[in-house]
Amino acid sequence: METLISITNLSFAYGQRVVFKDFSFGFSSGQRTGLVGSNGCGKSTLLQLIMGLLKPSAGEIELFGKPRRTEKEFREARLQIGFVFQDANDQLFCPTVGDDLAFGPLNMGKTMEEAEAIVDGTLELLNLSAFKDRVTYNLSDGEKKLVALGTALAMRPRMLILDEPTTCLDEEACDRIAKVLLACGLPYLVVAHDRSFLDRVVTGSVRLKDGRVIAEPPRESNGRPGSQAA
Ligand SMILES: Nc1ncnc2c1ncn2[C@@H]1O[C@H](COP(=O)(O)OP(=O)(O)OP(=O)(O)O)[C@@H](O)[C@H]1O
Ligand SMILES: [Mg+2]
């Protein structure tokens, strides 16, 4: 197993609001981990620190085996991570769904034809082919969530980081996301409040509480064994 994320002795505060102090965390290939915790405990903050979108005041973040400090180092890592923001509006900024999905591949040097093939394949996977020419701005919140996952997958990343990918989604869309995640073959770290969704898609969960992560015990539901330890 390869260590994909290694965080040591990290500290971070929004002004006076300390979210992490001396925080450490690790994540390896082969893991499909749920990140749970109460509202405001720092889940989204942690994901944004990993992505280099927020800067820690102390500590070290290693991604794919290399320390990441400068913007250039984080950018190189970001290209290999499919990230789904908690708010899809932070993620989608192109006029149409097709443009939004093509943005990552084109940015990584794919030709128009290659990007087009990735876009079509990804839309099909998410059952969104009919949405290709829709104006992103006009989509419903649930539709935007699915498109946001599409933009992450279209990057052909080495891992996924997903911040509440199922919020606003109906049962059928949740089911599709669960199937796509299980079939994608990638390691992922996923924040979700929906335990039944998590039980389906993760191999284990950790709980963020008081600025620390603790292994979440497996949950028994309907006599079915819960998730195993992360
Ligand atoms: N830009 C900001 N400025 C000041 N405080 C912030 C900012 N963003 C988040 N916080 C605070 O930092 C703490 C952690 O927020 P964060 O969004 O990481 O929580 P979360 O675990 O993702 O919560 P949720 O489950 O509601 O999404 C919260 O107390 C929040 O109010
Ligand atoms: Mg959050």
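The values are calculated or read from the model by the stated rules, or taken from the named source; none is laboratory data. Please read these numbers as outputs of a predicted model, since none were measured by experiment. Every residue, glycine among them, receives a Cβ derived from its backbone with ideal geometry; neighbour counts consider all protein chains shown. The area values use the complete protein model at the heavy-atom level, side chains included, leaving out ligands, DNA and RNA. Shrake-Rupley method; radii C 1.70, N 1.55, O 1.52, S 1.80 Å.
So here's what we get for this one:
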{"read-out": "In region 1-10, residue surrounded by the most Cβ atoms within 10 Å (Cβ to Cβ) [restricted to those that are out of contact with any Phe, Trp or Tyr (no Cβ under 6 Å at 6 or more places or on another chain) and of a type outside the set (D, E, K, R)]", "value": "Ser6"}
{"read-out": "Lone unmet requirement of (1) open to solvent by less than 60 Å² (accessible area, probe 1.4 Å); (2) touching a Lys or Arg at 6+ places or on another chain (Cβ under 9 Å) for Gln86", "value": "(1)"}
{"read-out": "Test: Phe103 is at pLDDT 95 or above, open to solvent by less than 40 Å² (accessible area, probe 1.4 Å), in a helix (DSSP H, G or I) and among the aromatic types (Phe, Trp, Tyr)", "value": "no"}
{"read-out": "Flag for Asp87 being without any contact (Cβ under 8 Å) to a residue 24 or more places away in the chain and farther than 20 Å from Pro165 by Cβ", "value": "no"}
{"read-out": "Of residues in region 34-66 being within 16 Å of ligand 2 (Cβ to nearest atom) and either among the β-branched types (Val, Ile, Thr) or open to solvent by 40 Å² or more (accessible area, probe 1.4 Å) (or both), the one farthest from Gln91 (Cα to Cα)", "value": "Ser38"}
{"read-out": "Unmet requirement for Lys21, which otherwise passes all of (1) part of a loop (DSSP other than H, G, I, E, B); (2) of a type in the set (Lys, Arg); (3) surrounded by 13 or more Cβ atoms within 10 Å (Cβ to Cβ)", "value": "(1)"}
{"read-out": "Region 26-49 residues that are in contact (Cβ under 8 Å) with a residue 12 or more places away in the chain and under 17 Å from Asp87 (Cβ atoms), paired with ones that are within 16 Å of ligand 1 (Cβ to nearest atom) and of a type in the set (Gly, Ala, Ser) (beta carbon under 7 Å, 6 or more apart)", "value": "Gly42/Gly211; Lys43/Gly37"}
